[in-house]
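Each value in this text was obtained by applying a stated rule to the coordinates, not by laboratory testing. What you see is a predicted model; the values in this text were computed from it and never measured. Here Cβ is always computed from backbone atoms with ideal geometry, including for glycine, and neighbour counts include all displayed protein chains.
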Amino acid sequence: MVRGRKQSSMIEKEHICNIMENYEKGKITIGTLGSHSALNIFKGAKEEGFRTVCVCKKENEMIYRRFPLADEIVIVKDFECLLDDNVQKRLRQLNTILVPHGSFNAYLDMDEILNKLYVPMFGNRKLLRWEIDRELQRKWLQRAGLKVPKRFKDASEIDGLAIAKFPGAKGGKGYFLVNSSESFYDKAEYMIKRGHSTPEELENTYLQEYVVGVNVYPQYFHSIFKNEVELLGMDKRYESTVDGIGRIPALEQLQIRIIPTYTIVGNIPITVRERLLQQILKMGDNVVKVSQEIAPPGIIGPFCLETVITDNLEIFTFEISARIVAGSNVGIGTSPYAYLKYGEGMYMGRRIAREIKNGIGNGELDKIIL
Ligand SMILES: Nc1ncnc2c1ncn2[C@@H]1O[C@H](COP(=O)(O)OP(=O)(O)O)[C@@H](O)[C@H]1O
Ligand SMILES: [Mg+2]
């Protein structure tokens, strides 16, 4: 029944349900790749009474030993080995439900996840495809009525401050600002020289209006069981070098020709003016509604909107993640919004585990797994 790695047609829900049927429901293990928000996920799983398994690379093992939250550690050469038959088999033996995070999209091939990963995953894995495509995301956000930054299809269309996003860039590394097609080609050359990108990638660079304002990244959780979108936290990113530039006087900035980049280094918790919550809550509801149309049954569990809020308090959304985001790590333990909703001790990793526990309890695990 469980097919091996060579098989490659799209995994159907019934395959996963068959695997789940053979699981011992009293001995479910929550697993993920050792990276991104794994500690958050493991801590939450343990607090809800689950066992945990971490699939990690040898060089990162120390992290998952020092913070003793993984009951079992499976060492792999690289993250792609998650798809190896023996690793998948071990995970199924442990009755594992995988919780996907950003490293799944960043380091694994999307088709492989969709076609070859015969381990139940929390959430709707079909939405991962929407998430890795900037144009699909844009359509989704627009259909939900959210404001999105303008897109320039070609460098010649640039008519103001724009951000250039190289396709291969991970975590904002190698993005840069331009204000004309000349400055685009000039800076692109410089970025290639610095090794941030390759000439081939230049062709597919995504050019977008740069919205001047402040970053706000609300983190939501859509519960299928409660039929509600919960706001559980908010953060802003701490990005190198853009967040360091303000510490250097303008004169020196010009002399050493700093081009800001957006390499994510960490996250900072924030709260917003209370009046903004209305719109932020509605945006979450609308995004979920559209997700139910484009990839039924839509978003299951965590998602995050990446926004810039202007001085008119207009909210522009430039990205969506339909899974747990690393920004939710600022809420480990609790966050102001999780506290308002749940009181002590709720955060994204735990909320996921709670939903899985509820699914086991009400016999509806199949509704939140794919
Ligand atoms: N349209 C935009 N306007 C202003 N800032 C932006 C815009 N798009 C991206 N950024 C900045 O660049 C960072 C990385 O961009 P993002 O599209 O989120 O890339 P990634 O796919 O690497 O997460 C963001 O966190 C934000 O600081
Ligand atoms: Mg982003």
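Before moving on, here are some points about what is shown:
- Cβ-to-Cβ counts within 10 Å put Ile28, Ile224, Ile294 in ascending order as Ile294, Ile224, Ile28, the fewest first.
- Here segment 13-121 is assigned +1 on the Cβ of each Lys and Arg and -1 on the Cβ of each Asp and Glu. Its dipole about the Cα centre then comes out at about 400 debye.
- Full extension of the segment from Val212 to Lys139, taken as 0.36 nm per residue of separation minus the current Cα-Cα distance, would add 24.1 nm.
- In this label model, Ile75 and Glu61 are separated by 0.2 nm, measuring between points 7 Å along each Cα→Cβ vector.
- Mean residue ellipticity (222 nm) of the chain, computed from DSSP H runs ≥ 4 via -39,500 (n - 2.57), nearest 500: -9500 deg cm²/dmol
- Each residue of segment 98-114 is assigned a 3J(HN,Hα), and the resulting list reads 7, 10, x, 9, x, 6, 5, 6, 6, 10, 10, 6, 4, 5, 5, 4, 6 Hz, derived from the Karplus form 6.51 cos²θ - 1.76 cosθ + 1.60 (θ = phi - 60°), x at Gly and Pro.
- Averaging Cα coordinates gives a centre for segment 250-281 and one for segment 16-71; these two points are 32 Å apart.
- Estimated inter-spin distance, Val87 and Thr271, nm [label 7 Å along Cα→Cβ]: 4.2
- Under Karplus coefficients 6.51, -1.76 and 1.60, residue-wise ³J(HN,Hα) of segment 353-369 in Hz, glycine/proline x: 4, 4, 5, 5, 4, 4, x, 5, x, 9, x, 10, 4, 4, 6, 10, 10
- Net length available on complete extension from Glu157 to Ser183 is 8.1 nm, with 0.36 nm assigned per residue and the Cα-Cα distance removed.
- With both labels modelled 7 Å from their Cα along Cα-to-Cβ, the Asn115 to Glu47 distance reads 4.0 nm.
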